[in-house]
1. Between Gly51 and residues 5 or more places away or on another chain, which pairs have amide H atoms under 5 Å apart, with H built 1.01 Å from N, and which residues are they?
2. Can you list residues whose amide H is under 5 Å from Asn143's amide H, if they're 5+ apart or on another chain and H is modeled 1.01 Å from N?
3. Taking neighbour counts of Cβ atoms within 10 Å as a proxy for exposure, in what order, fewest first, do Val144, Val101 appear?
4. What list of ³J(HN,Hα) couplings, whole Hz, do you get for the stretch 80-88 from phi and the Karplus terms 6.51, -1.76, 1.60, once you set θ to phi - 60° and write x for glycine and proline?
5. Sort Thr208, Thr28 by Cβ crowding within 10 Å, fewest neighbours at the top.
6. In whole percent, what relative contact order does the chain give with Cα contacts below 8 Å and a gap of six or more residues?
7. Each residue of the stretch 57-72 in turn: what ³J(HN,Hα) in whole Hz from Karplus with 6.51, -1.76, 1.60 and θ = phi - 60°, glycine and Pro shown as x?
8. For Lys261 and Glu41 in the same chain, what is the full-extension length gain: residue separation times 0.36 nm, less their Cα-Cα distance, in nm?
Amino acid sequence: MRMRLGVQTLLFVLLFIPGTILQAADMTLWDVAGKAEISLEQAAGKLPSPGIVYVGEFHDNAAHHAAQLAVIQSLDKRQRPIAVGLEMFQHIEQSILDAWVAQALSEEEIRRAFARNWSDDWHLYRDIFMYCRERNIPMIGLNVPRSITRKVAQNGFESLTPEEIGKLPPIVCRVDREYEEFLRRVLGSHGSESGFRRFCEAQLVWDTAMAIYTLEYLKNHPAHTVVVLTGMIHAWKKAAPEQAARENADVEQAVIQPSVKGRWTPGNVSKQDADYLILGLEE
C-alpha cells in the first residue's frame, strides 16, 4: 500500500508542480495496436484532430487525474483547438462551465457547483479546471441528471415519465447481447438478472447521452478535438465510443485508459478495447 501511494504521489508532484509539463510529455503509454511503448508526445501526434479522445479514470485516483491533465496539455501544445468534456457535470449546467472558463466565477462558486454535480473531491479535478480556465479551453457538461440514471437502474428505462425523457437527448435504450457481455467482462457479476438488465440500461443511457452531447459540440465546432474525461467503464470502446460511432460513423475517436495491475495491462487489453494504456499507474 505504501509503495502504491508513493508512486502515485511522485507522479502527481511531477505533473502538477509549475514548469514540469516536460515530465508530463515524457509519460509512457502502451500502443495497443503497435504493441510497443511510446511517449505521450508521440501518442499525441496520432490522436484525432478533429475528433474525440477519451481518457478514463478511477474517480478517486489522483494519479489518473494527473495523467488526464498531461494528455490535455500535450494536445494543447499542438496549437489546434481542443475542448474538455466532463462526465462530472450535467449538461443542463453548461452555463456554469461557460462562466468558469470566461473567468466570471470564483473558485468557491465553481467548487460549490462541482459538489452539486459530483461526489468526489474537488481537489482531484482542480488543476484540470484551472488549466482550462487559464488557457480558455471550453469545458462541456456531458452527464444527465443523476435522478434519471438512478431511476433507470432501479426500475428500468420504461419507468421514466415523459417529463424525465424530455431531460435526455434523443436516446433509444435497447441493450443488446454484446453490450451486456461487455459490462459483465469489465464488472463481473452484478446481482440478479433483472437487476443487471436495469443496470445495463442505466449505463447505456449514460454512454449514449455523453456521446450525443459530445457530437453536438463537434457539430458546432468541427475543428475541435474533444478530450472526454470519464470513468473507465464509459471510456472502453464498447461504451460511449461505440454509441458515438453509431450516431456518426465518420467521427474519429481514440481511447486512452490507465493500466490497472492484474486487470488491465498490455497483456490483456486488445485494440477492440482501447488504443493506448498509460503505464506506471498500476493500482
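The numbers here are math on the coordinates, done by the rules we state, and not lab data. The model shown is predicted, which means the values in this text are computed figures rather than measured ones. All Cβ positions, even for glycine, are placed from backbone atoms using ideal geometry, and neighbour counts span all protein chains on display.
1. Those qualifying (amide H under 5 Å, at least 5 residues apart or on another chain) are Thr225, Val226.
2. Phe89, Gln90, His91
3. Details: Val144 24, Val101 20.
The order, fewest Cβ neighbours first, is Val101, Val144.
4. Per residue, the Karplus-derived 3J(HN,Hα) values read 10, x, 10, 9, 10, x, 10, 5, 6 Hz.
5. On the way: Thr208 24, Thr28 14.
Ascending number of Cβ neighbours within 10 Å: Thr28, Thr208.
6. 30
7. With coefficients 6.51, -1.76 and 1.60, one gets 7, 8, 4, 9, 9, 4, 5, 5, 6, 4, 5, 4, 4, 4, 5, 4 Hz.
8. Working: separation 220, 0.36 × 220 = 79.20 nm, distance 2.38 nm.
Length gained between Lys261 and Glu41: 76.8 nm.
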